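Student: Pasting a structure here, questions to come.
The values are calculated or read from the model by the stated rules, or taken from the named source; none is laboratory data. Keep in mind that this is a model prediction, so the values were computed, not measured. Cβ atoms come from the backbone with ideal geometry, glycine included; neighbour counts cover every protein chain shown.
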Amino acid sequence: MLFHSSAAACGALVALAVSVTVARSESRVVHANTVVEAASGDAVVGAASMYNPFRPGREEGGPKTASGERYNPSAWSAAIKTSLRGKFGGVQFGERPKFALVEAAGKKVIVKINDVGPLRPGRVIDFNERTMRHFDPSLERGVIKNVKVSPLSGDDWTPGPVG
């Protein structure tokens with residue numbers, strides 16, 4: 001009798017775990033669809049590279065970005081090409097950072113646009129280290145081509161991988 005009730009309890013726990021896992025994966029799909037729907041305006045397509053303005057000892061906590069935040073290589077952030085600031089909400093000193101959906105190599109990620117750059121022709125966005133590692137884990141490629149960057153409307157986004 002004890003064995004039967006233990007088996008029933010174990011079965012109930014397995015069923016609960018499966019339903020929680022299914023609910024979580026469904027919420028990711030809904031989130032991915034919501035992000036794609038919220039991508040406002042025309043996307044910009046071009047190349048992306050990585051930047052890291054931090055020089056140890058130069059400034060405590062890293063230099064400030066165009067938005068006034070400190071550069072953080074561990075955040076999901078990027079610098080948009082200076083000429084695209086109007087399309088991506090300005091990114092002026094003291095303004096709130098904006099968000100964008102970035103798609104490349106079959107992956108999607110929401111990044112916080114909190115800085116301006118890149119300075120090299122053909123590049124439309126520069127990723128910080130964490131974002132670049134998402135698209136190029138070994139950092140061997142250096143430049144990612146055919147990156148699609150779409151501005152996201154609103155300020156209530158959680159940066160990171162989508163779907």
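Student: Any chance you could count how many residues in the stretch 98-119 are touching an Asp or Glu at 6+ places or on another chain (Cβ under 7 Å) and either at pLDDT 95 or above or buried (at least 20 other Cβ atoms within 10 Å of the Cβ) (or both)? Quick ask: steps written out before the conclusion?
Tutor: Let us first name the residues in the stretch 98-119 that are touching an Asp or Glu at 6+ places or on another chain (Cβ under 7 Å), namely 114, 117-118.
Among the residues that remain, those that are also either at pLDDT 95 or above or buried (at least 20 other Cβ atoms within 10 Å of the Cβ) (or both) are: 114, 118.
Selection size over the stretch 98-119: 2.
Student: If you don't mind, another one. Could you grab the pairs with beta carbons closer than 9 Å, sequence gap of 6+ or different chains, first residue in the stretch 120-145 and among the hydroxyl-bearing types (S, T, Y) and surrounded by 20 or more Cβ atoms within 10 Å (Cβ to Cβ), second one assigned to a loop (DSSP other than H, G, I, E, B) and modelled with pLDDT of 90 or more?
Tutor: Qualifying pairs under 9 Å: T131/A75; T131/W76; T131/P159.
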